[in-house]
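Q: I'd like to ask you about the structure that follows.
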Amino acid sequence: YMPGSAGQEKMPSLPDFILVVIQDLTENRRLERMRTDFVANASHELRTPLASLTGFIETLQGPARNDPEARDRFLSIMLDQAGRMRRLIDDILSLSRIELKAHVRPANAVDLSEIVRHTTDALSPLASDMGVEIRLQLPDTPVRIRGDRDELIQVTENLIENALKYGHDGKFVDVGLERPQAPQDALTWQLSVRDYGEGIPREHLPRLTERFYRVDVESSRAMKGTGLGLAIVKHILTRHRGRLEVESEPGQGATFKVSLPAMENVEGLPEKISA
Ligand code: ADP
């Protein structure tokens, strides 16, 4: 509400601050709601492996007490369930650490090209185990942006791991880093991760970065997913003034594109970040 604007004619007697208060309350309520939903979902996700662990412990104390073959099998399932709880807790902590820093702009200059190469090297043993080749296309010169190296590694890792996990029917995963041609994107760098797997049905695309959202819960669990990877990616990118786009045709694979402001662009961006 700006003095002298059209709004003034509609509400001549309202002082300016009332509008601000109303907006704050709505935003607070939305955030509060998100927090309670998150705690409820996280508790539910943790309870499932915990229930399974408790069940197996009871069976081992009772009926399977003297059955070495069953014991070995159950212990190995229990180890898997404990691993799932650990991954969930790691991701929940990771998300809350990033949220704490949500409004702090990363100050260090990093080389995005080095980060992508580092991550690809780290994931190439996993890729070759899955029979997938990661094809990498990087510029010849360093790609300097302002960013947090560990967080950008996490973004790259999550996207490439997803491409391997959900795109493993394909023989390749393509990872590229380039300056888009479109004039409106001239001051950004774009990281793209393309797989040739099953792809993602259109109706799911807008919801992929929601916490615990999975297209197929069973396949995510089988792939040791937590449903938090893309939520973490989104939060890291918000802090970096970045953007995530997803393109996919079912049966044709998926392309995840991350845009990040180039170094010379960052300096001109406003200080305030809206989450
Ligand atoms: P998860 O831990 O389950 O992998 P993410 O947040 O990383 O969680 O991804 C959310 C969901 O998006 C996944 O469960 C999967 O259904 C879908 N998804 C992510 N990446 C891809 C991809 N490259 N191809 C197909 N589906 C994908």
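Bear in mind that the values in this text are calculations on the coordinates, not laboratory data. Remember, it's a predicted structure, so these values are computed and weren't measured experimentally. Glycine gets a Cβ as well: all are built from the backbone with ideal geometry, and neighbour counts include every protein chain shown.
Q: Out of the residues in region 221-266 meeting the condition of being of a type in the set (Ser, Thr, Tyr) and closer than 29 Å to residue 40 by Cα, tell me which one is nearest to the ligand (Cβ to nearest atom).
A: 226
Q: Look at region 77-88 and say how many of its residues are within 15 Å of the chain's Cα centre (by Cα) and surrounded by fewer than 19 Cβ atoms within 10 Å (Cβ to Cβ).
A: Of the residues in that region, 1 qualify.
Q: In region 186-220, what residues are assigned to a helix (DSSP H, G or I), more than 8 Å from the ligand (Cβ to nearest atom) and surrounded by 14 or more Cβ atoms within 10 Å (Cβ to Cβ)?
A: 205
Q: If you check residue 145 against the conditions, is it in contact (Cβ under 8 Å) with a residue 60 or more places away in the chain, away from the ligand (no atom under 16 Å from the Cβ) and closer than 26 Å to residue 110 by Cα?
A: yes
Q: Looking at region 154-172, which of its residues are of a type outside the set (Asp, Glu) and more than 9 Å from the ligand (Cβ to nearest atom)?
A: Residues satisfying the conditions are 154, 155, 156, 160, 168, 170, 171, 172.
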